Amino acid sequence: MRVLVIGGGAREHALVLAMSQDPAVTALACAPGNAGIHSLAEPLGLPDPNDGEQVAALARRWQADLVVIGPEVPLVAGVADAVRAAGIACFGPSEAAAAIEGSKAFAKDVMAAAGVLTARAEVVDNPGRLDAALARFGPMYVVKDDGLAAGKGVVVSPSCEEARAHAMTLLDAGHPVLLEEYLDGPEVSLFCLVDGQTVRPLLPAQDFKRVGDEDTGPNTGGMGAYAPLPWAAPDLAEQIVADVVAPVCAELDRRGTPFSGLLYAGLALTSAGAAVVEFNCRFGDPETQAVLALLRSPLAGLLHAVATGALASAPELEWAPGSAVTVVLAAEGYPGTPRVGDVIVGAEADGVLHAGTRRRDDGAVLSSGGRVLSVVGTGGDLAAARADAYERMAKIKLPGGHFRSDIGLRAADGKVTVPTG
Ligand code: AMP
Ligand code: GLY
């Protein structure tokens, strides 16, 4: 099988690494990729990864049997539809189904119809209505951009002034604002393979969105993750599939826009049950790096089964025992404007997955984005996996680089609890 991956983050590096170990894969290519991916997959030129016609033409030229689309932007733009229209199997939802991530209003509507628990929400597009709406919610305030914002469009704050200021910035930029009820409880990321009808959950994971230790500072695209969740009930994934993912997939199917690809449910385990914070239409970053480190089943075969509607006949997923931890190394300035162009020492070690990196002519690896790389540690339990990840991180040098030191720490210390009703 010839597999073309679209994207260039640590998530795509993890996907490429896993598929490079699948005996069914005869050739791997990536566009645009990054310095790490290019040591495993042929780099292909692609001026605009968000242009469906360009991606379909490239896939045809390279004779891909399967195209795997990593990021949300091309999916929301309909790139998977263009690839399928060219007669090539594609892992990733249609534009219509990707709206589950691309439009929070659409996601809320689908959840309401499916009877799925989620935060009460209100869209405000007129500054004159903002103060009354904020008063209806009260603290903690949750203020979101009602569109794609790479995880950075959200402010969660006890301060009405801060919530108001963020909402006004969005409104001034012409973006409708979503106000939401605050969901209190530990967060879970559950990734599910879905081929329209059949749903198969992967190991539940948790990610760390704030830039600083102990969840301080602004939200980012994700600073670290671990899987599985030692504090969760053993049937958590099955419960969430039954209560949340299967009803939502059935509703999308009923509307004539079945979901095919990876449906990512981001949930808070509240005293009232698992409530949806968001859906994403693709693998999450950085959880994927931890989850795939434990997957033993050949990945390309699974993704092909999803893309061709054959998931029900794919073998059961197999997992390595133990835990995995991802820690993200970010450039100085991230999540604001990152400093780029610095030489990274130690970037080519095992367990290092590249994101914002590029290779200079002399072979040196340079930083080229905000989230520069992920290290992945594994071990018999979460404490051992953490120790492994941080040992790997200690060998990497990037001027001004920063990472969180507490990824998975509270869970390893037995301090994560689920509120009871
Ligand atoms: P989103 O961009 O919707 O994924 O939100 C980013 C992060 O903000 C989430 O992972 C949560 O940590 C937090 N968040 C978003 N919505 C809520 C909510 N309704 N209640 C509590 N935290 C939230
Ligand atoms: N881990 C958060 C995301 O991928 O959106």
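Data table
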| quantity | calculated |
| --- | --- |
| Note, ³J(HN,Hα) from phi for segment 137-142, Karplus 6.51, -1.76, 1.60, rounded to Hz, x at Gly and Pro | 8, x, x, 5, 8, 10 |
| Among GLY256, GLY351, GLY70, residue whose mean-square fluctuation peaks in a GNM of the chain (springs only between Cα atoms under 10 Å) | GLY256 |
| Other-chain or far-sequence residues with amide H under 5 Å of PHE91's (modelled H) | VAL67, VAL68, ILE69 |
| Loop GluC sites (Glu not before Pro), segment 214-299, which have at most 16 other Cβ atoms in a 10 Å radius of their Cβ (DSSP) | GLU214 |
| Across LYS108/LYS209; LYS104/LYS415; LYS104/LYS209; LYS108/LYS415, pairs whose alpha-carbon gap is larger than 25 Å | LYS104/LYS415; LYS108/LYS415 |
| Relative contact order [Cα under 8 Å, 6+ residues apart], segment 99-208, whole percent | 25 percent |
| Local electrostatic count, PRO176, Cβ distance below 15 Å [Lys/Arg +1, Asp/Glu -1] | -3 |
| Cut-off under 5 Å, modelled amide H: who pairs with PHE259 long-range | GLY196, ASP253 |
| Under the Karplus curve 6.51 cos²θ - 1.76 cosθ + 1.60, θ = phi - 60°, whole-Hz ³J(HN,Hα) for segment 247-252, x wherever Gly or Pro sits | x, 5, 5, 5, 5, 5 |
| Average Cα contact separation per residue, segment 176-237, under 8 Å, 6 or more apart, as relative contact order % | 25 percent |
| When segment 1-51 is reduced to its Cα atoms, the Kirkwood hydrodynamic radius in Å | 10.7 Å |
| Other-chain or far-sequence residues with amide H under 5 Å of THR357's (modelled H) | ALA35, SER368 |
| Range in the chain, longest, excluding exposed trypsin sites (Lys or Arg not before Pro) [loop by DSSP; at most 13 other beta-carbon atoms within 10 Å] | 121-254 |
| Rounded if a/c under 1.5, otherwise prolate or oblate - the chain, Cα gyration tensor axes | rounded |
| Karplus (6.51, -1.76, 1.60) ³J(HN,Hα), θ = phi - 60°, over segment 218-229, in Hz, Gly and Pro reported as x | x, 5, 10, x, x, 10, x, 6, 9, 8, x, 9 |
| Space enclosed by the convex hull of the alpha-carbon atoms of segment 382-421, per residue, Å³ | 66 Å³ |
| The chain, helix-only ellipticity at 222 nm - DSSP H runs n ≥ 4, -39,500 (n - 2.57), divided by all residues, nearest 500 | -8000 deg cm²/dmol |
| Kirkwood-type radius of segment 315-421, with distances r between different C-alpha atoms, in Å | 15.1 Å |
| Rough spin-label spacing in nm, given labels placed 7 Å along Cα→Cβ, for VAL343 and ALA135 | 6.1 nm |
| Percent RCO, i.e. relative contact order, over segment 59-106, from Cα pairs under 8 Å lying at least 6 residues apart | 39 percent |
| Sum of side-chain charges, LEU28 neighbourhood, beta-carbon under 15 Å (Lys, Arg +1; Asp, Glu -1) | -3 |
| Neighbourhood net charge (12 Å Cβ-Cβ; Lys/Arg +1, Asp/Glu -1) for ARG120 | -1 |
| Radius of gyration and maximum dimension Dmax of segment 21-96, Cα, Å | 11.9, 35 |
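Bear in mind that the values in this text are calculations on the coordinates, not laboratory data. Since this is a predicted model, take the numbers as computed values, not measurements. In this analysis, Cβ positions are derived from the backbone assuming ideal geometry, glycine residues included, and neighbour counts consider all displayed protein chains.
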